[in-house]
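Take a look at the structure set out below.
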């Protein structure tokens, strides 16, 4: 851990944010929904550590309660898209043949749409709301995971212990669960962390456009959207939710690179890619 | 040439499937669209009015019939009329496309210049201070969401030091802030690719030969190494298209830029399905064609691929 500063920094950042989200009711100085017109648009100061918004609500309280929804939603989306992507990837990689061809054609087709455009259209078709936005993001982001899991599965399938399990007459689902998945999952942790960062940005971006949680729900994207109109004179309304979002994304990125370093000590430290293939990940799906 | 023709032919089935997926996606909209439209136009949603509108829009036909009708129109470049304004979808998209191309084109230039400077600098001073600085910048480019960058640039360059107009459309001064917002992300991404491929190229024998001949380091870097190092960057441009088009949605909204991203948001707000279908299809077609161009130019830029293909054929 000491020799891996990325991992340490990422874990502590995310740990602090998760702690703040879990302890929001205890830490919060006020009710995140309590309107106080007499004290609207206060700058950060005593009583309101991060100031108040246009309706006089406490920014820190909204930020803390918002962390629960924003981070929770990003976590749920990542978990669901990993599950879906892993299922498709393992199926394609292990079955091979026409199943593989069909599933990979589907993945290629999905890739023809820019990730955020696809998420936007799906969220727009499903209608505004946190659940619909999350569903749209899951349906968008499973493809990247499916492709990686497939290639990992293809490699795992040829391992001797898998061949041995097959020779012993184990069933296909048994082999997949007991032998293929354990080989694939650790490497997926890197993908998951980077994927969660993308999800978090897309989630806030689309909820900023009014497609996610609706006001007055405390959510970071909603807060950024509400702060937009006041950003000339009261930039603190944008600054604090923006900072929280960036810290969370930075934590996830550091965590992902930290896990990669821990997993593969031969790789160059902290995201210094040596081959174009590793550098290509990251922006491609946005 | 034969290769290009073959690739173009392969594109047709892909576009057909894309069109099906687009149509299916937009048709999955929940609720009675006709009822919503009657209410929006100020009428009472009586069963007769709703039924008449459903009949007029052909909403009661089976899914495949509607798709076939839409596809037939598509073959004549007719994507139907917007439900909101009754204007042809193709006309709306054609009007918004130049603004988006202007924005993304400028962003691409900004990003390419940035990548050239940062990527070359980082590779020339690998693992030294300029390299570390460039790495920090590229990491920031990954971590800062574009909408926050947009607000930060607006605050700094239009409010605090009013050098550029805050929002709007018209002159080259208006395009700079949104293009900078999108271009910084592109530059960060491409710079990472360029640095990596530069380091790979600089380790090759012909570079050692060039150095051994006593050529100045600048000549080796710019005249000998850069050409080959740029090849992976060209591939990276394919990814960039999707990133830029995805970014326009939010950036156009923030900067009030009258492009395709804004059309999409208006279509979503009004549940204007023909317009949303047209937008989605156009996005996919743009991504697919840019990727095809990248593939083709790659063969043209790198003689090794052409020779391999010729030897394999």
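The values are calculated or read from the model by the stated rules, or taken from the named source; none is laboratory data. Note that this is a predicted model, so its numbers are computed, not measured. Virtual Cβ from ideal backbone geometry, glycine too; neighbours counted across all protein chains shown.
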The residue that is nearest to the other protein chains (Cβ to nearest Cβ), considering only those in segment A:122-132 that are touching a residue at least 12 places away in the same chain (Cβ under 8 Å) and buried (at least 19 other Cβ atoms within 10 Å of the Cβ), is A:124
Between a residue in segment B:1-15 that is within 15 Å of residue B:300 (Cβ to Cβ) and any residue that is assigned to a helix (DSSP H, G or I), which pairs come within a Cβ distance under 8 Å, given they are 6 or more apart or on different chains?
B:3/B:296; B:3/B:299; B:3/B:309; B:4/B:296; B:7/B:292; B:7/B:295; B:7/B:296
Test for residue A:243: is it in a helix (DSSP H, G or I) and touching a residue at least 12 places away in the same chain (Cβ under 8 Å):
no
Residues located in segment B:24-43, provided they are surrounded by fewer than 14 Cβ atoms within 10 Å (Cβ to Cβ) and closer than 18 Å to residue A:121 by Cα:
B:24, B:28, B:30, B:31
So, residue B:108, is that one within 25 Å of the chain's Cα centre (by Cα) and either over 22 Å from residue B:242 (Cα atoms) or at pLDDT 95 or above (or both) or not?
no
Set A:237, A:255: member being in a helix (DSSP H, G or I), crowded, with 23+ Cβ neighbours inside 10 Å, at pLDDT 85 or above and away from chain B (no Cβ under 11 Å):
A:255
Among the residues that make up segment A:86-105, is at least one of them under 18 Å from the mean Cα position of the chain (by Cα), part of a helix (DSSP H, G or I) and modelled with pLDDT of 85 or more?
yes
Residue, farthest from residue A:115 (Cα to Cα), within segment B:267-282, restricted to residues that are more than 8 Å from chain A (Cβ to nearest Cβ) and under 19 Å from the mean Cα position of the chain (by Cα):
B:275
Helices (runs of 4 or more DSSP H) fully within segment A:151-208 counting 1 or more residues that are under 23 Å from the mean Cα position of the chain (by Cα), in contact (Cβ under 8 Å) with a residue 40 or more places away in the chain and within 14 Å of another protein chain (Cβ to nearest Cβ):
A:181-208
Residue that is nearest to residue B:85 (Cα to Cα), among those in segment B:268-301 that are surrounded by 18 or more Cβ atoms within 10 Å (Cβ to Cβ) and without any contact (Cβ under 8 Å) to a residue 40 or more places away in the chain:
B:268
Of all residues in segment B:56-70 being surrounded by fewer than 16 Cβ atoms within 10 Å (Cβ to Cβ) and part of a helix (DSSP H, G or I), which is modelled with the lowest pLDDT?
B:56
Is it the case that segment A:124-145 has a residue that's over 30 Å from residue A:203 (Cα atoms) and at pLDDT 85 or above?
no
Provide a single number: the residues in segment B:145-169 that are facing chain A (nearest Cβ under 10 Å) and assigned to a loop (DSSP other than H, G, I, E, B).
2
Restricting to segment A:80-100, name every residue that is more than 17 Å from residue A:173 (Cα to Cα) and either in contact (Cβ under 8 Å) with a residue 12 or more places away in the chain or surrounded by 24 or more Cβ atoms within 10 Å (Cβ to Cβ) (or both).
A:80, A:81, A:82
Out of all the residues in segment B:189-242, which are exposed (fewer than 12 other Cβ atoms within 10 Å of the Cβ) and within 11 Å of chain A (Cβ to nearest Cβ)?
B:203
So, of the residues in segment A:26-54 that are touching a residue at least 60 places away in the same chain (Cβ under 8 Å) and closer than 21 Å to residue A:221 by Cβ, which turns out to be nearest to the chain's Cα centre (by Cα)?
A:32
Find the residue count for segment A:31-47, including only residues that are touching a helix residue (DSSP H, G or I) at 6+ places or on another chain (Cβ under 7 Å) and within 17 Å of residue A:227 (Cα to Cα).
3
What do you reckon, is residue A:147 surrounded by 14 or more Cβ atoms within 10 Å (Cβ to Cβ) and either in contact with a strand residue (DSSP E or B) (Cβ under 9 Å, 6 or more places away or on another chain) or more than 30 Å from residue B:22 (Cα to Cα) (or both)?
no
Could you run through segment B:123-144 and say how many residues are over 24 Å from the mean Cα position of the chain (by Cα), within 9 Å of chain A (Cβ to nearest Cβ) and buried (at least 18 other Cβ atoms within 10 Å of the Cβ)?
2
Note: among B:294, B:249, B:290, B:285, just one is under 14 Å from the mean Cα position of the chain (by Cα) and facing another protein chain (nearest Cβ under 8 Å), namely B:249
If you scan segment A:101-121, which residues turn out to be within 21 Å of residue A:149 (Cβ to Cβ), touching a residue at least 40 places away in the same chain (Cβ under 8 Å) and within 12 Å of another protein chain (Cβ to nearest Cβ)?
A:115, A:119
Just to check your reading of the model, which residue among B:103, B:53 is away from chain A (no Cβ under 14 Å), part of a helix (DSSP H, G or I), more than 24 Å from the chain's Cα centre (by Cα) and crowded, with 17+ Cβ neighbours inside 10 Å?
B:53
Go through (1) touching a helix residue (DSSP H, G or I) at 6+ places or on another chain (Cβ under 7 Å); (2) closer than 20 Å to residue B:264 by Cβ; (3) more than 14 Å from chain A (Cβ to nearest Cβ) and name the single condition residue B:40 misses.
(1)
